[in-house]
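Peer 1: For reference, the structure I am asking about is given below.
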Amino acid sequence: MSEKLLRVGLVGHGHLGKWHGQKIHAHEMTNFTCIVEPNEKAWADIKKSYPEINLVRTVSESLELCDAYIVSSPTIFHHEITKELLSNGKHVFCEKPLTSTYDQAKEVNSLAKEKNLVLQVGHSERCHEAWEKLDLISKFTSNPSIVNLTRVAPFKGRATDVDVVQDLLIHDIDLLLYLFKTNPMAVTATGEKIRTKHWDYVEAVFEFEGNLKATIIVGRNNIEEVRSLEVINAQGMARVDLMNRVVKVADKDSNEVETVLEYEGRDHLAIEQDHFYHSILKNKEVFVDGDAGVKAVFYVNKVLESLEKKERVLCQM
């Protein structure tokens, strides 16, 4: 397979799927062969961008055309689609969350391992250059006592079919697990339903062994857009501003706030897809594997459980 182009299909040509389609089309290792889009009213516009593309309504109609797929459908269909693709020997890059429930996530992850197929999950926030330069703030990240992650924005009218836990908080729980390599023991979550019938604002407090406590705040009805990570310990504080791509430090031994890193933005979808194709064709390590996707779904479900019960929930896996 490494001597020929990888035949790639896209499932879902909506808001995010359109961007994924552009990346598939532009990549030097791929042949963009098919788009699965059940809404036939969208086909005319798709044909304007990709006149030679095969357009089909269902995954089953596309199986002979593709070796690998990007799944960018609504979350409620992730389990059904990913399971069908893996069962038919196809590699899958599924947007987050991997599935709606923990049991579904475990099922598709086990299937990928059984079939020896690549299963990658779209936790794109791992692509920030800041995470490759953590040595600059290692005195805080190596021994944190408080971590605050914030992801809020004014209402944009999209992704209202799901709550902010599945849409937004999942990014930050993945970052929390990825950066600090430890799993929470319990979570206490509170929230409000403001714009939709789903949770529009959530604050989740995670407890870990030892001294660490992490708070994730997500919302889609905020005054301004904020995406940040703060790490505090006895040494002081480090803040990663993911909106403005700036890392600052307030060290207890200094009277000045120091900017330790300013970095350029990256095309996260292109980076993720590049990793996906290299893991298939070059046997490279999967960027965000199924195990990570399963973990994220597990803790997201625990946050939702705490919200519904209005109480602290234990969450050891």
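Peer 1: Given the structure, is residue 157 within 22 Å of residue 72 (Cβ to Cβ), surrounded by fewer than 24 Cβ atoms within 10 Å (Cβ to Cβ) and either β-branched (Val, Ile, Thr) or at pLDDT 95 or above (or both)?
Peer 2: no
Peer 1: Do any residues in the range 127-149 that are more than 22 Å from residue 211 (Cα to Cα) have Cβ atoms under 6 Å from those of residues that are of a type in the set (Phe, Trp, Tyr) and not in a helix (DSSP H, G or I), where the two are at least six apart or on different chains, and which pairs are they?
Peer 2: Short answer, once both residue conditions are applied: 129/263.
Peer 1: Shifting gears a bit: Among the residues of the range 271-317, which ones are part of a helix (DSSP H, G or I), of a type in the set (Asp, Glu) and touching a residue at least 24 places away in the same chain (Cβ under 8 Å)?
Peer 2: 272, 274, 291
Peer 1: To continue, here is another question. Going through the range 99-119 one residue at a time, which ones are within 11 Å of residue 79 (Cα to Cα) and assigned to a loop (DSSP other than H, G, I, E, B)?
Peer 2: Result: 99, 100, 101.
Peer 1: Continuing with the same structure: In the range 80-97, which residues are farther than 17 Å from residue 170 by Cα and under 17 Å from the mean Cα position of the chain (by Cα)?
Peer 2: Once the filter is applied, which keeps residues that are farther than 17 Å from residue 170 by Cα and under 17 Å from the mean Cα position of the chain (by Cα), the range 80-97 yields 82, 92.
Peer 1: Within the range 2-98, considering only helices (runs of 4 or more DSSP H) that don't extend past its boundaries, which have at least 3 residues that are in contact (Cβ under 8 Å) with a residue 60 or more places away in the chain?
Peer 2: Of the helices (runs of 4 or more DSSP H) lying wholly inside the range 2-98, those with at least 3 residues that are in contact (Cβ under 8 Å) with a residue 60 or more places away in the chain span 15-26.
Peer 1: May I pose another question? With the checklist (1) more than 25 Å from residue 190 (Cα to Cα); (2) under 24 Å from the mean Cα position of the chain (by Cα); (3) part of a strand (DSSP E or B) in hand, flag the one item residue 248 doesn't pass.
Peer 2: (2) is the only condition that residue 248 fails.
Peer 1: Residues in the range 213-220: is at least one surrounded by fewer than 18 Cβ atoms within 10 Å (Cβ to Cβ) and either farther than 16 Å from residue 177 by Cα or at pLDDT below 95 (or both)?
Peer 2: There is no residue in the range 213-220 that is surrounded by fewer than 18 Cβ atoms within 10 Å (Cβ to Cβ) and either farther than 16 Å from residue 177 by Cα or at pLDDT below 95 (or both).
Peer 1: Looking at residue 118 and the list (1) crowded, with 19+ Cβ neighbours inside 10 Å; (2) over 17 Å from the mean Cα position of the chain (by Cα), which single condition is not satisfied?
Peer 2: Answer for residue 118: the failing condition is (2).
Peer 1: Among the numbered criteria (1) modelled with pLDDT under 95; (2) buried (at least 17 other Cβ atoms within 10 Å of the Cβ); (3) hydroxyl-bearing (Ser, Thr, Tyr), which single criterion is violated by residue 50?
Peer 2: (1)
The values are calculated or read from the model by the stated rules, or taken from the named source; none is laboratory data. Computed from a predicted model, the values in this text were never measured in an experiment. Positions of Cβ are backbone-derived with ideal geometry, glycine not excepted, and every protein chain shown enters the neighbour counts.
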